[in-house]
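First the structure, in the form of structure tokens, and then the observations on it.
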Amino acid sequence: MPIHSTLRGRSFPAEAIRMIVQHLIGTKWCTKTQEPPEAIQKNLQACMLISRDWVHICRDLLYRVLNMSPRTVLTEYAAMYTQDRLAPYVTLIHLTSHSDDKQASWLDPAVPFLSRFTRVDSLMCHQLDWGTVHIAARQSLIIQLSSLKVLHLQDMVFDGSAQLLSMLNAFPRLADLHLTDVVWRVTNHLPHQIASTNPLVLDNLYLEIDQDCPAHRLLPQWLVGQRDDLQVEDVQIFWVDIEMESLIRFLRKIAQSVDRLILEFKDNGLWQINEDKMVEDSDEAATPSEWKLLQDEVAICTAAIQLQPFHGCSARHVDIVVHWTPMAMLQLKIASQLVTEDTPFFRIDLVINDPKDLTAVPWHEVDALLASIPPPLPSEEDEPVARLFTVSLRWNGTPESNQVDRVLFDTLANSLFPRVSAGNVYTMRYEGWKLEGWPGDIESDGEDEQ
């Protein structure tokens, strides 16, 4: 019997139809716009032919995203997206300028049109200079979307930090916040803008902020605010600022709610630059007091986590990348305190970006720190249980073509990490270029494990 005759009619509940459709189309969506790829669009269009019951469910997926750019012809969109046609299916608005200058004044006439979409709970903005949108249009759009649950901002420019915080504070129901390369020209916010007492419960948080931003620490400060209730389940943060106190406060606040934590401490080059500036003939010589401030930051934060360690972290997946700088030991200590015996999966990647740092790393301190982390308890759930430790060398050069000398690598690992090696808890790996500066030569394609 043909499938359309067996499925025709109203015998299937809507939720069952939705599950069938989701299975047929899969979950591979365009991460940039959340639009279904062309092949999935064709599958959805085919599913709509089965019966009238399938039409609305397929349209929910097929037309859920409204893409707008300077090339959008509003008159054509106005004819397509009416209340009796496609407007009720739109739940995500994606705004992008498609230009390097991020000019966004084209949004001024578009905002009134967007008021017809009453089911929108997600907003994605890409390559926009928010300050070029007229203030009345900005305010109108934010009011229209006050019940927003998902906010993704990527490659955005704000006139000032106050402008960004006004947007964030306008959406009290946020559950998914994604900020990538968001910058502001001046830091001009008022104290009350980072002192919210409203509860904030996020399913997902992603922060990757441009290192040229004048105040990288602002966003963790806003997240913590004066809130009694801050919960984040899934966290991904790429940290490039030397300042660590605001990040430590944030991690303390979410420790008992987080389930998955991915954290990369990037090398922003400031340490090397400042070390070079100490040379007397440098054109941009740093003062001793400026250099001392950087060293004091390490000392203050190290003392803070020793006096008040992280306790009760609930994360079941912890993935940490530390680029070697003079702050790396502090960052490794933070990582070690976020892992408990109830953490099934823990991976730490120590990245060396300069050959000179091979002899600067206190390898035996790293070994003692990793060995102090409790091994995982057996997991009753179907999830990976692992402790992974990787040393990655990422300076410029051409990877050697030969395979790792396994005996030499084992000897080196046993010498540098005697406690970790003896514990048989970690799987150790080496990735990167030919090792120079350590005993012997090691070459790798990144696949070998101990």
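The values are calculated or read from the model by the stated rules, or taken from the named source; none is laboratory data. Not measured: the values here are computed from a predicted model. Positions of Cβ are backbone-derived with ideal geometry, glycine not excepted, and every protein chain shown enters the neighbour counts. Please note that ligands, DNA and RNA were not included when accessible areas were found on the heavy atoms of the full protein model with its side chains. Shrake-Rupley method; radii C 1.70, N 1.55, O 1.52, S 1.80 Å.
What part of the accessible area of region 44-104, given as a whole %, is carbon or sulfur when the probe is 1.4 angstrom? Provide the component values of the computation, followed by the final result.
On the way: 1520 of 2940 Å².
Of the solvent-accessible surface of region 44-104, carbon and sulfur hold 52 percent.
Give, as a single signed number, the net charge of other residues whose beta carbon lies under 10 Å from the beta carbon of Ser257, with Lys and Arg counted +1 and Asp and Glu -1. Surrounding charge for Ser257 is -2.
Exposure check, 1.4 Å probe, all protein chains in place: His56 carries approximately 100 Å² of accessible surface. Surface composition of region 128-274: carbon plus sulfur atoms hold 47% of the accessible area, using a 1.4 angstrom probe and ignoring ligands, DNA and RNA.
Taking every protein chain into account, the 1.4 Å probe leaves Glu233 with about 90 Å² of accessible area, to the nearest ten. For the pair region 162-196 / region 303-357, the C-alpha centres are spaced 28 Å from each other.
Seen from Ile237, the other residues with C-beta closer than 10 Å to its C-beta sum to a net charge of -2, counting Lys and Arg as +1 and Asp and Glu as -1. Placing a label point 7 Å from the Cα of Ala16 along the Cα-to-Cβ direction, no residue of region 54-74 has a backbone N closer than 11 Å. Ordering of 245-254, 104-113 by packing is 245-254, 104-113, highest average first (other Cβ atoms within 10 Å, averaged per residue).
Starting from the Cα gyration tensor of region 179-244, take the square roots of the eigenvalues, sort them a ≥ b ≥ c, and report rounded, prolate or oblate (rounded when a/c is under 1.5, otherwise prolate if a/b is larger than b/c, else oblate). Taking the square roots of the gyration eigenvalues as a ≥ b ≥ c, region 179-244 is oblate. A 1.4 Å probe run over region 87-221, with the rest of the protein chains in place, finds 40 Å² accessible per residue.
Report, in listed order, any pair from Lys102/Lys253; Lys266/Lys356; Lys42/Lys149; Lys149/Lys253 with a Cα-Cα distance greater than 24 Å. From Lys102/Lys253; Lys266/Lys356; Lys42/Lys149; Lys149/Lys253, over 24 Å: Lys102/Lys253; Lys42/Lys149. Counted by Cβ distance under 14 Å from Arg116, the other residues give a net charge of +1, where Lys and Arg count +1 and Asp and Glu count -1.
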